[in-house]
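Shown next, in structure tokens, is the structure this report addresses.
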Amino acid sequence: VRTNWSQVHVEHIESGGLSEVPQIGDLLSVKAYLNLGVLNPTDVRVELAYGRVDESDELTDTRIAELEPVETLGNGRYLYGGNASIEHSGPFGYTVRVMPWHEALASKAELGLVVNAG
């Protein structure tokens, strides 16, 4: 995984389900188009990080929802999808991140590798 990690990137994110001013209880639906290079969906964990944003557009009070593989697009490309419920009022933001995954890892951060949507 470490050898091929430089091939991993988030190509595109689509979202829906929210009004211009998100309300508590609204459901955010996210699709993330990823290129995993030679890695497989079983080698990674894809997360939606979401929550309030501060005045500098940084996420605060962050929640995590796992995105699942939905479709194989070919040439190392995959579509992931998932939902998250809005739990707070106020300015809202989200991002997608990819980390290595294997059952033998003590934590998802053990290898120190992460790709954030850009």
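The values are calculated or read from the model by the stated rules, or taken from the named source; none is laboratory data. Not measured: the values here are computed from a predicted model. We place every Cβ from the backbone using ideal geometry, glycine too, and count neighbours over all the protein chains shown.
Quick look at the values:
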{"item": "Selected residue (criterion: farthest from residue 29 (Cα to Cα)) from residues of region 50-69 that are in contact with a Leu (Cβ under 8 Å, 6 or more places away or on another chain) and surrounded by 14 or more Cβ atoms within 10 Å (Cβ to Cβ)", "result": "53"}
{"item": "Residues (outside any loop (DSSP other than H, G, I, E, B) and modelled with pLDDT under 95) located in region 16-33", "result": "16, 27, 28"}
{"item": "Hits in region 23-32 (condition: surrounded by fewer than 17 Cβ atoms within 10 Å (Cβ to Cβ) and of a type outside the set (Asp, Glu))", "result": "23, 24, 25, 27, 29"}
{"item": "Subset of region 1-40 [of a type in the set (Gly, Ala, Ser) and under 30 Å from residue 90 (Cα atoms)]", "result": "15, 16, 17, 19, 25, 29, 32"}
{"item": "The listed residue being of a type outside the set (Ser, Thr, Tyr) and in contact (Cβ under 8 Å) with a residue 40 or more places away in the chain, out of 61, 26", "result": "26"}
